[in-house]
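The values are calculated or read from the model by the stated rules, or taken from the named source; none is laboratory data. Everything numeric in this text was worked out from a predicted model, so none of it was measured. Neighbour counts are summed over all protein chains in view; Cβ atoms, including those assigned to glycine, are modelled from backbone coordinates with ideal geometry.
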Amino acid sequence: MTARGNWPVRLLRSDEAAALHRLSVECFGDGAHSEAFVQQRFCNGAAIASDVVVAEGAGRLIGAQAVTYLSFFVGGRAETAGMFTDGMTHPDYRRRGIFRSLLLEAERRAYDRGASLLFTMPNDRSLPSFERSPGWHILPDRILLARVLDVAGLFQDRGLPGLLARGMGALTHWAVRNGGRLDAIGLTEVSELRPFAAEIDAIAERAIPQHGVACDRGFAFLDWRFAQNPTWRYRYFVATDAAGRLSAYLVTAGEQRIGTFLSYAADMLWTNEQSMIRLLDFSAAALKKDGSRLFGSIVTSPRLLRVLTKAGFRRVPRMVSKRCFHTAYAVHPDRPDVAAVARQSDGWFLSLADFDTI
């Protein structure tokens, strides 16, 4: 146990899933991860290692910061990166230096475990703490793109009367890309990605090192991130070539937000750009059929922006969605070579999977 300030800071024990879940509910309310998620991700010895640094006060957990250790490629070279998630401080104990204590201890442990790069997507409340922390750098906010799937339904969900909503939908239909076909050859929705494990590994091996900074999106990462996450229900779409080989995959998730039902591209990867565009078309049709009004994705690289734009996605105005996607990173002091690559914002390939928020 380490004493930082007035608060004992230590690692979470394997029998404290319920206590960490209670802290999450006290901090985030309905947005908290389920206890099953906490148990699976941090207390069951998950396939991908994590440390959770916690602070104690008055006999309970009052703060936490998780670090998950991922295989990354930085400048084409394999590295270990620490993904910071689930940072929280109990509302009764904020502005007392607890967050900074947790951050410093988590940094120390991550570097001791061999991480050369640390990164996170802080929310608006925690962003200033990273901005003030020595060694951390803030990349430009990632933009949000969306493809409108159901204009009339979207207007109606937002309170426009049914007849007027249908009229507005007809008037704006010209600006909305039509959905793809659900019977397109080589495109399908599958119940799991496991049958494509070897092919996913092959796609990741070819595609990931081409980016400046990117997580190794082999099957082990996807299985840990999605199949083993009990909080969200994910959908999986794949594109195959004429020989039946995988050429692109897409993972989506949906939620009720801003008064309507939205779907997100949680993760995607491809070796053939046209396959990815066709797969986005195909998935958009499937999501619309099941009630999604919008299909969104963050953009973290020029390649991803090009693919999404060709698939009919457009930038979401801030007046429509005020949600921001910040990225903060830190580099081990002894690794200036990693720092030189990481500071190139357009070189990062990230998705919501890396941020662990959806």
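For the reader, a short list of remarks on this structure follows.
- Boolean, Arg225 is buried (at least 23 other Cβ atoms within 10 Å of the Cβ), over 20 Å from the mean Cα position of the chain (by Cα), within 20 Å of Leu352 (Cβ to Cβ) and not assigned by TED's automatic domain parsing to the domain that holds His33: no
- From the list Ile185, Ile200, the lone residue that is aliphatic (A, V, I, L, M), at pLDDT below 95 and either outside any strand (DSSP E or B) or crowded, with 16+ Cβ neighbours inside 10 Å (or both) is Ile185.
Table: residues versus (1) among the small types (Gly, Ala, Ser); (2) closer than 19 Å to Pro91 by Cα.
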{"residue": "Ala17", "(1), (2)": "yes, no"}
{"residue": "Ala36", "(1), (2)": "yes, no"}
{"residue": "Gln40", "(1), (2)": "no, no"}
{"residue": "Ala47", "(1), (2)": "yes, no"}
{"residue": "Ser50", "(1), (2)": "yes, no"}
{"residue": "Ala55", "(1), (2)": "yes, yes"}
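- Search result, residues across region 207-245 that are in a strand (DSSP E or B) and of a type in the set (A, V, I, L, M, F, W, C): Val213, Ala214, Cys215, Phe237, Val238, Ala239
- Being among the aliphatic types (A, V, I, L, M) and within 24 Å of the chain's Cα centre (by Cα) is true of Val25.
- Candidates are the residues of region 300-329 that are touching a residue at least 60 places away in the same chain (Cβ under 8 Å) and in contact with an Asp or Glu (Cβ under 7 Å, 6 or more places away or on another chain); the one that is nearest to Ala110 (Cα to Cα) is His326.
- Meets criteria (among the hydrophobic types (A, V, I, L, M, F, W, C), modelled with pLDDT of 90 or more, over 21 Å from Glu105 (Cα atoms) and touching a Leu at 6+ places or on another chain (Cβ under 7 Å)) for Val74: yes
- Residues of region 237-286 classified as under 15 Å from Leu352 (Cα atoms) and surrounded by 17 or more Cβ atoms within 10 Å (Cβ to Cβ), total: 14
- Restricted to helices (runs of 4 or more DSSP H) entirely inside region 15-128, those with at least 3 residues that are among the charged types (D, E, K, R) are 98-112.
- Condition check for His332 on (1) under 23 Å from Phe84 (Cα atoms); (2) within 17 Å of the chain's Cα centre (by Cα); (3) modelled with pLDDT of 95 or more: one failure, at (2).
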